[in-house]
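*Asks:* Take this structure, written in structure tokens, and hold onto it; I'll ask about it next.
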Amino acid sequence: MSTADLFGSDAANPSDGSDASPHHGVASRAAALREQLHHHGHQYYVLDAPTIPDAEYDRLFKELQALEAAHSELITPDSPTLRVGGGVLDKFPSVRHVVPMLSIRTETDTEATGAENFDTRIRKELGLSDSDAPVDYVAELKFDGLAISLRYESGILVQAATRGDGENGEVVTENIRTIEQIPLKLMGALTAPSVLEVRGEVYMTRAGFEALNERQRERIAAGEKGEKTFVNPRNAAAGAVRQLDSKIAAQRPLSFFAYGLGDITPAEEGGPTFSTHFDLLMTLKQWGFPVAEQTACVQGAAGLVDFHQRMGQARDALPYDIDGVVYKVNSLAAQRQLGFVTREPRWAVAHKYPAQEQLTTVLAIEVQVGRTGKLTPVAKLAPVFVGGVTVTNATLHNETEARRKDVRVGDTVVVRRAGDVIPEVVSVITEKRLYEAQIFTMPHTCPVCGSAAVREEGEADYRCTGGLFCSAQRKQAILHFAHRRAVEIEDLGDKLVEQLVDAGVVNTLPDVYRLSFDALASLDRMAEKSANNVLASIEKSKQTTLPRFVFGLGIRHVGESTAKALAHHFGTMDAIMDATVDQLLQVADVGPIVALSLRTFFDQPHNREVVAQLRACGVTWTEGEPTAGASLPLAGQTFVLTGTLPTLSRDQAKDMLETLGAKVAGSVSKKTHCVVAGAEAGSKLDKAQELGIKVLDEAGLLALVAAHTNTTTETSKAAE
Ligand code: IVH
């Protein structure tokens with residue numbers, strides 16, 4: 001039975017003007033309201049460009065609801081009021097797909113090979129030789145949701161079905177009608193074919209998923225039976241689509257992207273024809289379907305590789321999950337020629353990215369102490385391969401977060417690692433909780449040194465009050481000082497610092513410079529050669545810069561850019577240490593919190609002693625003239641670095657430019673003053689040339705720096 005039958009035989013053709021019923025005026029008002037609601041809903045949900053206020057939309061919607069309540073015969077299958085859901089089913093009817101819903105072959109290979117394998121196969125099948133032009137493809141995102149088929153008859157949505165086993169699916173029309181992005185009636189000027197089956201993906205945004213899980217957690221906490229949280233947006237979307245109560249489905253934040261076609265009225269019966277897949281997608285867009293804006297026409301393997309790479313980078317910033325990209329041969333004639341192998345088309349392939357989420361179990365919850373004493377609860381996990389690495393720890397951020405997610409020892413959890421972001425626990429699979437372990441609470445003493453741990457008002461974090469008495473803070477302070485962006489002691493890693501502090505050999509920063517070969521060589525698993533490497537990298541770190549040194553001290557709220565600003569402003573270490581709060585506030589970048597933190601730090605004799613001892617140990621840097629008040633020579637200019645310079649590292653070049661007041665940006669625009677290009681400079685150099693921006697090589701950069709540098713080199717002073 002088609003859904004149209006539910007509404008009477010005229011229902012699919014609601015406003016044909018021949019209505020002789022006594023409600024003629026009411027019927028035409030209802031039809032007008034439906035049209036307006038279709039139009040404004042599309043503007044809002046698909047185009048993201050509403051043209052009327054929400055309140056006006058709500059008013060129109062309520063007016064239509066009221067009309068339909070008074071005249072139920074006016075309800076049509078495309079009425080926007082059906083989006084709120086209605087009926088409750090016992091089970092979903094099954095339907096046979098007129099055109100089977102196939103799956104696609106998957107390539108999980110690296111960027112280049114995955115795309116090249118596909119292109120090579122296609123060229124071979126199409127009988128193309130090397131001298132033939134590259135094949136045209138459409139590259140799409142592979143949305144991580146569930147496939148849905150939408151059947152329109154005479155332009156009205158009459159049936160929505162899941163993929164099922166590909167041959168038979170479940171009819172979920174009522175639930176699908178609740179998705180605002182899916183047109184209930186084809187839009188635009190193009191005539192609707194008598195049959196059109198659109199295929200695409202129903203998905204949930206990450207924000208929608210988070211909000212849903214938050215509501216679910218509240219329900220569980222309130223003791224509502226049968227409620228659970230969802231593992232990921234896909235799982236939540238699938239749950240919503242298969243919800244027997246469509247009113248509940250209506251409350252779940254579902255979205256849709258169209259990517260293909262199923263059944264359609266044949267051309268000989270007046271159906272539309274398309275020559276390319278892209279053509280088809282653009283027509284679907286005109287009919288009112290959302291098509292992802294990233295969808296691109298590309299050429300050959302190189303175009304596919306580029307798309308795969310670009311989307312891999314864009315992936316984390318998308319509001320929804322993708323698990324890869326899909327390549328499709330653009331020409332429909334070529335698609336027909338290529339045909340199918342068993343259950344997969346030869347003309348399409350999915351090229352996957354590494355999964356960013358996995359399930360694992362929580363073995364323990366530990367509390368780690370950071371450099372500034374911050375206590376962070378960390379879930380110790382059964383090792384799991386996610387986002388390209390094996391993860392054994394995931395942060396729970398702080399007590400509030402840990403309790404909000406209610407992570408407990410023994411729980412099965414979803415771990416996410418996206419890009420370079422540190423792994424985190426997304427959610428707990430509550431149904432898999434085998435036993436009720438204790439709810440997590442933050443200790444009120446430092447787990448490392450036993451000092452009191454306090455949470456200041458208005459702060460989310462507990463902090464250990466032990467300062468450098470706490471060995472955890474000492475270790476972190478040393479690692480911070482040795483960091484690549486601070487004074488950089490290359491061979492002083494966390495394992496070694498751990499050993500040195502635990503053995504009592506290193507307690508303060510200057511102790512690092514007093515390390516002897518014997519002390520190092522006596523450590524466990526320390527070969528002679530490594531001991532010498534460590535000493536060499538310590539020696540090398542003695543020649544540093546003022547901004548790196550200031551940053552390395554690990555003063556709370558003083559990050560890299562503040563350290564640079566302080567160094568530029570005051571010129572010397574002594575001037576920074578002696579600056580009053582008022583003087584500090586003169587520095588661009590420094591507000592009251594930072595100024596106070598600096599003053600508090602340097603008011604403590606032991607911190608001044610550390611600086612003095614480091615100097616006495618031979619740590620030295622070039623000091624400059626204070627530039628307070630005066631502006632730096634390259635102030636207001638933006639530079640972009642690209643390619644590999646022959647001798648300078650990227651960081652060194654950046655430091656030099658920033659010291660002179662320049663800004664170093666990541667991309668070239670009209671606002672860029674100069675591009676410094678090295679070997680294998682790519683698109684940034686092209687763009688600079690296109691825009692007529694000045695380009696320097698390393699020699700040019702060094703000349704520029706020399707021309708503007710007017711500093712006096714002071715050797716380090718012995719302890720004052
Ligand atoms: S095309 C015959 N395009 O991936 C080709 N599928 O096995 C049919 N998917 O579950 C699929 N994004 O739901 C296609 N842009 C996209 C897609 C996509 C996600 C899903 C699809 C199916 C699986 C393919």
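Where a number appears in this text, it was derived from the coordinates with a stated rule and is not lab data. As the structure is a prediction and not an experimental result, all values here were calculated from the model. Every residue, glycine as well, gets a Cβ built from its backbone with ideal geometry; the counts of neighbours run over all protein chains shown.
*Asks:* Quick check of the Kirkwood formula: for the stretch 418-519, what is the inverse mean of 1/r over all pairs of different Cα atoms, in Å?
*Replies:* Final number for the Kirkwood radius of the stretch 418-519 is 16.9 Å.
*Asks:* Taking θ as phi - 60°, what are the ³J(HN,Hα) couplings along the stretch 509-514 by the Karplus curve (6.51, -1.76, 1.60), each to the nearest whole Hz, with x for Gly and Pro?
*Replies:* Ordered by residue, 3J(HN,Hα) equals 4, x, 4, 4, 7, 9 Hz.
*Asks:* Multiply the residue separation of S103 and Q604 by 0.36 nm, subtract the distance between their alpha-carbon atoms, and state the gained length in nm to one decimal.
*Replies:* Between S103 and Q604, full extension yields 173.6 nm more.
*Asks:* Per 10 Å bin from zero, what fraction in whole % of the C-alpha pairs of the chain is there, up to the bin with the longest pair?
*Replies:* Binned Cα distances yield the sequence 2, 11, 16, 19, 18, 15, 11, 6, 2, 0, 0.
*Asks:* Got a sec to turn the phi values of the stretch 290-305 into Karplus ³J(HN,Hα) couplings, 6.51 cos²θ - 1.76 cosθ + 1.60 with θ = phi - 60°, whole Hz, x for Gly and Pro?
*Replies:* These are the phi-based 3J(HN,Hα) values: x, 10, 4, 5, 6, 3, 9, 8, 10, 10, x, 4, 4, x, 5, 4 Hz.
*Asks:* For T395 and D518, what is the calculated FRET efficiency with R₀ set at 45 Å and r taken between the beta-carbons, to the nearest 0.05?
*Replies:* After rounding, the FRET efficiency stands at 0.70.
*Asks:* Using 0.36 nm times the number of residues separating E457 and Q438, minus their current alpha carbon distance, what extension gain do you get? Could the numbers behind the result be given before it?
*Replies:* On the way: separation 19, 0.36 × 19 = 6.84 nm, distance 2.60 nm.
Roughly 4.2 nm would be gained on extension.
*Asks:* Oh, and also: Loop-only GluC sites (Glu not before Pro) in the stretch 199-267, please: DSSP not H, G, I, E or B, and at most 15 other Cβ atoms within 10 Å.
*Replies:* Qualifying residues, ordered by number: E224, E227.
*Asks:* Using the beta-carbon distance between R96 and D306 and R0 = 35 Å, what value does 1/(1 + (r/R0)^6) give for FRET efficiency, to the nearest 0.05?
*Replies:* E between R96 and D306, to the nearest 0.05, is 0.30.
*Asks:* Give me, ordered by chain and number, the residues 5 or more places off Y320 or on other chains with an amide H under 5 Å from its own placed amide H.
*Replies:* HN-HN under 5 Å from Y320: R206.
*Asks:* Need the full-extension length gain, S561 to S667, defined as separation in residues times 0.36 nm minus the C-alpha distance. One decimal, nm.
*Replies:* Computed gain between S561 and S667 is 36.2 nm.
*Asks:* On average over all directions, what projected area in square nanometres does the stretch 392-448 have, based on the convex hull of its Cα atoms?
*Replies:* 4.8 nm²
*Asks:* Can you give the FRET efficiency for V26 and Q286, using 1/(1 + (r/R0)^6), R0 = 25 Å, r = Cβ-Cβ distance, to the nearest 0.05? Show your work: numbers first, answer last.
*Replies:* Details: r = 31 Å, r/R0 = 1.26.
Calculated value: 0.20.
*Asks:* Counting Lys +1, Arg +1, Asp -1, Glu -1, what net charge surrounds A563 among other residues with beta carbon under 13 Å of its beta carbon? Don't skip to the answer; put the middle values down first.
*Replies:* Details: positive: R485, R548, R556, K564; negative: E560, D589, D655, E658.
Here the charged neighbours net out to 0.
*Asks:* Using the scaling law 2.2 N^0.38 Å as the reference, what is the normalised Cα Rg of the stretch 259-410? Walk me through the intermediate numbers first.
*Replies:* Numbers: Rg = 23.1 Å, N = 152, 2.2 N^0.38 = 14.8 Å.
Here the answer is 1.56, to two decimals.
*Asks:* Need one number for the stretch 56-198: average projected area of the convex hull over its C-alpha atoms, nm².
*Replies:* Answer in nm², one decimal: 13.6.
*Asks:* Could the peptides 586-592, 129-135, 170-176 be put in order, highest first, of the mean number of other beta-carbon atoms found within 10 Å of their residues?
*Replies:* 170-176, 586-592, 129-135
*Asks:* Under 22 Å Cα to Cα from K475, which lysines show up? Leave out anything in the same chain fewer than 8 places away.
*Replies:* The reachable lysines, counting only those whose Cα sits under 22 Å from K475, are K374, K380, K495, K540, K542.
*Asks:* What ranking do I489, I264 get, fewest neighbouring Cβ atoms within 10 angstrom at the top?
*Replies:* Starting with the residue having the fewest Cβ neighbours, the order is I264, I489.
*Asks:* Another question, then. Can you give the longest run of the chain that contains no trypsin sites (Lys or Arg not before Pro) sitting in a DSSP loop with at most 12 other Cβ atoms inside 10 Å? Display every interim value, and only then the final one.
*Replies:* Details: sites that count: K91, K225, R484, R525, K670, K671, K717.
Result, exposed sites excluded: 226-483.
*Asks:* Can you give me the long-range amide H partners of K374? Hydrogens built in the peptide plane at 1.01 Å from N, cutoff under 5 Å, separation of 5 or more residues or another chain.
*Replies:* C464
*Asks:* Another question, if that's okay. Any idea what the dipole of the chain comes to, in debye rounded to 20, about its Cα centre with Lys/Arg Cβ at +1 and Asp/Glu Cβ at -1? Let's see the in-between values first.
*Replies:* Numbers: 73 positive and 93 negative charges, 195 e Å.
Roughly 940 debye for the chain.
*Asks:* Collect residues whose amide H, placed 1.01 Å from N in the peptide plane, falls under 5 Å from the amide H of D411; neighbours closer than 5 in sequence don't count.
*Replies:* Correct list: V362.
*Asks:* Going by how many other Cβ atoms sit within 10 Å of their own, how do D524, D411 line up, fewest first?
*Replies:* Least to most surrounded, the residues fall as D524, D411.
*Asks:* Would you mind ranking C617, C464 by Cβ crowding within 10 Å, fewest neighbours first?
*Replies:* Going from sparsest to densest Cβ surroundings: C617, C464.
*Asks:* Could you pull the Rg and Dmax for the stretch 279-335, using just the Cα atoms, both in Å?
*Replies:* In order Rg, Dmax, the Cα atoms of the stretch 279-335 give 12.8, 36 Å.
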